[in-house]
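Have a look at the structure below, then the notes.
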Amino acid sequence: MALNDSVATGLGLASEYLEYLPENPFRAPMETGWKAMTDRYTDFEIATYGSIIVHELAYFLICLPGFISQFIPAMQKYKIQQDKSENFDGQWKCFKLLMFNHFLIQAPLILGAYQFTKMFGIPYDWEHMPTWYNLALRVFGCAVIEDTWHYFLHRLLHHRRLYKYVHKIHHNFQAPFGMTAEYAHPIETLVLGAGFFIGVMLLCNHFVLLWVWVTFRLMETIDVHTGYDFPLNPLHLLPFYGGARFHDFHHMNFNGNYSSTFTWWDKIFGTDAQFKEYYEKQGKKLD
């Protein structure tokens, strides 16, 4: 864990310069709730059953705004691919594979979280709870690491010798909607999902990071798959955030825009060229 310690130390030093920031205004109720949870449930129950509940609740609650929007005529002006609409058959097909992946592929990985925390001495108690800005830095670090892993492995899955066997399933939906975020071949779920855990192994200093990071990651991936470019989206405050239009083009075009969260790898390697050309022809402004 030497690398973990050095990275964590760096983040700790960075957070020292942020100590002037205000305290979390919800700290008191969070402390009450967290202590009640840790008093009532074992670390094993929190890390396993608790994590599965957090994942499922977060996934479908975050999907809800996009799902409801398809029934509201006023929201259709924000839909990116105006000529394609959602349908029940497609959503039911997506939901069935999601349940398979969630409970037969992802759930066993989540169950391993307990062993990870015990192996590396990750605390659960409130006394070791990091400050909100320390936690935010670690989540951002996880996002940068995952985005890098995702770009290169995602691009590899588009290789003509691999695409039809694995990644083609995710592209069954040329016009994505929120639930399609984790609609994928089980092998892809494992390969691209590995990027989620790299940051955790390097940066985790408290169990809460797993829950905050998974919630943020779901917010991001569901947002870019939602098919709607909603205004006043707080995720656009993130520097170099791709957003729904960026990833929606990947589904429409099948190539380019391989990053999961940020745009810098696509900019560096020029894999966003077709995206830029498309919007230039459309006469639309890119943020």
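The values are calculated or read from the model by the stated rules, or taken from the named source; none is laboratory data. Small disclaimer: the values here were computed from a predicted structure and weren't measured. Positions of Cβ are backbone-derived with ideal geometry, glycine not excepted, and every protein chain shown enters the neighbour counts. Note: areas computed on protein heavy atoms with side chains; ligands, DNA, RNA excluded. Shrake-Rupley method; radii C 1.70, N 1.55, O 1.52, S 1.80 Å.
Under the classification rounded if a/c is under 1.5, otherwise prolate if a/b is larger than b/c and oblate if not, where does the range 106-159 fall, given a ≥ b ≥ c as square roots of the Cα gyration tensor eigenvalues?
oblate
Just the accessible area per residue of the range 199-287, please: how many Å² with a 1.4 Å probe?
44
If amide H atoms are built 1.01 Å from N in the plane of the peptide, which residues on other chains or at least 5 residues away come under 5 Å of the amide H of F262?
For F262, whose amide H was placed from the backbone, the distant partners under 5 Å are G242.
When the chain is fully extended, how far beyond the present Cα-Cα distance does L64 get from I169, taking 0.36 nm per residue of separation?
Result for the pair: 35.5 nm of gain on full extension.
When the accessible area of the chain is split by element with a 1.4 Å probe, what percent falls to carbon and sulfur?
66
Which value in deg cm²/dmol, rounded to the nearest 500, describes the helix-derived mean residue ellipticity at 222 nm for the chain, given -39,500 (n - 2.57) per DSSP H run of n ≥ 4 and division by the residue count?
My calculation for the chain gives -18500 deg cm²/dmol from helical runs alone.
Going Cα to Cα from K93, which lysines come in below 23 Å? Please leave out same-chain ones fewer than 8 positions away.
K79, K84, K164, K168
Give a residue-ordered list of calculated ³J(HN,Hα) values for the range 259-266 (Karplus: 6.51 cos²θ - 1.76 cosθ + 1.60, θ = phi - 60°; whole Hz; x for Gly, Pro).
Running phi through 6.51 cos²θ - 1.76 cosθ + 1.60 with θ = phi - 60° gives 5, 8, 10, 9, 10, 5, 5, 5 Hz.
Tilt of helix 132-157 relative to the longest C-alpha principal axis of the chain, in degrees (0 to 90, nearest 10)?
Orientation of helix 132-157: about 40 degrees from the principal axis.
Taking Cα atoms, how many degrees apart are the long axis of helix 186-203 and the longest axis of the chain, rounded to 10 and kept between 0 and 90?
Roughly 40 degrees between the two axes.
Take R161 and M119, extend 7 Å from each Cα along the Cα→Cβ direction, and tell me the distance between the two endpoints in nm.
Modelled inter-label distance: 3.2 nm.
Expressed as an acute angle from 0 to 90° and rounded to the nearest 10, what is the orientation of the C-alpha long axis of helix 208-225 relative to the principal long axis of the chain?
Result, in degrees: 10.
Sticking with the crude label model, points 7 Å out along Cα→Cβ, report the distance from Y278 to A107 in nm, one decimal please.
3.6
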